[in-house]
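Asks: Following this message is one structure expressed as structure tokens.
The values are calculated or read from the model by the stated rules, or taken from the named source; none is laboratory data. Quick caveat, the model's predicted, so the values are computed rather than measured. Heads up, the Cβs are rebuilt from the backbone with ideal geometry, glycines too, and the neighbour counts pull from every protein chain shown. Side chains are part of the model used for accessible areas, which takes the heavy atoms of the whole protein and leaves out ligands, DNA and RNA. Shrake-Rupley method; radii C 1.70, N 1.55, O 1.52, S 1.80 Å.
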Amino acid sequence: MRLRTLPVSVAGVLTAIGYNVADGTFAVAPALLCLVFAVLAQVSSNFANEYYDYRDGLDRVGRDGPRRGVTEGDITPQAMLYATYGVLGAACCTGLALLWWGGWWLLLAGFVIAVGAMAYSAGPYPLSRHGLGEVAVVLFFGIIPVNLTYYVQAGTFTANVAMASLAIGLMGANVLLVNNYRDADDDAAVGKRTLAVIMGRGFAYSLYLIGGVGAMLLLLGAMKPYEWIGWGYLIVHLLLCRLLKCRKGKAINPLLGMTAMAMLAVAVAWLTAACIG
């Protein structure tokens, strides 16, 4: 399930809920359904990545990153495939319940999200293997979940929510950048063309730095009058940048969770501020 990265999906929903609380449009049932849907969608995508990367020979035993269950023999490929589509099916069923609040057009959004969860690792043009993983994260873990979670409760979209959704997406992409920065050599050896492989580790590091600064700038505009959230995130982000630059191999692994938790901390801080304010 890759628990250390699950804050990526949780953060987007909590950020949107913060706006709903601030606007007086918060509704418990659709908010909880959005949270469950987001987590299930990410887990299904993670499972798919385990299975399809194993099937295509892109993972190796003893890799620097977190242990891969199928590759290491902890779970059979068939069981992982069943788990992938079982969890995806559960996500789709959860999403269908949201039609009560969001309307039938959400079927299209749900279809796009379900396809995106699989297209990251599977299909004729897997996004993760063609330098598009970070773009997918910005879209599917930032722009879509934040805006739609807010919409199913408020029935509308706003500029501040849109800015916050892009900020969350950039922070989520940074989690993937840490992963791909660490795995650049292994990925290059098996032909997995992530952005870090195509453009180099130096570019990936620079993008990580710029992404965090860009997220901070968006937060300053989207989370007024609580600009301290953006400044606080920037301080943490710069510390993580320093750590990333100084580490290699398995020593980078903790930075995955730290980057994800920094993102979650922003969402929790915003939700708390909205509740208190």
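Asks: Quick check on the range 124-147. Is at least one of its residues surrounded by fewer than 19 Cβ atoms within 10 Å (Cβ to Cβ), among the polar types (S, T, N, Q) and either out of contact with any helix residue (DSSP H, G or I) (no Cβ under 8 Å at 6 or more places or on another chain) or within 19 Å of Cys34 (Cβ to Cβ) (or both)?
Replies: No; the residues of the range 124-147 include none that is surrounded by fewer than 19 Cβ atoms within 10 Å (Cβ to Cβ), among the polar types (S, T, N, Q) and either out of contact with any helix residue (DSSP H, G or I) (no Cβ under 8 Å at 6 or more places or on another chain) or within 19 Å of Cys34 (Cβ to Cβ) (or both).
Matching residues to (1) at pLDDT 95 or above; (2) among the polar types (S, T, N, Q); (3) open to solvent by less than 10 Å² (accessible area, probe 1.4 Å):
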residue	(1), (2), (3)
Gly172	yes, no, yes
Gly191	no, no, no
Leu209	yes, no, no
Ala222	yes, no, yes
Leu244	yes, no, yes
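Asks: Go over the candidates Val213, Val175, Val268 one by one and state the one that is within 24 Å of Leu148 (Cβ to Cβ), in a helix (DSSP H, G or I) and out of contact with any helix residue (DSSP H, G or I) (no Cβ under 6 Å at 6 or more places or on another chain).
Replies: Result of the check over Val213, Val175, Val268: Val268.
Asks: Quick one: which of Tyr19, Tyr82, Tyr52 is farther than 15 Å from Thr149 by Cβ, of a type in the set (Ser, Thr, Tyr), open to solvent by less than 50 Å² (accessible area, probe 1.4 Å) and in a helix (DSSP H, G or I)?
Replies: The conditions single out Tyr52.
Asks: How many residues does the range 96-105 hold that are at pLDDT below 95 and open to solvent by less than 20 Å² (accessible area, probe 1.4 Å)?
Replies: Residues meeting the conditions: 1.
Asks: Determine, yes or no, whether Leu218 is surrounded by 14 or more Cβ atoms within 10 Å (Cβ to Cβ), more than 17 Å from the chain's Cα centre (by Cα) and either modelled with pLDDT under 95 or of a type outside the set (Phe, Trp, Tyr) (or both).
Replies: yes
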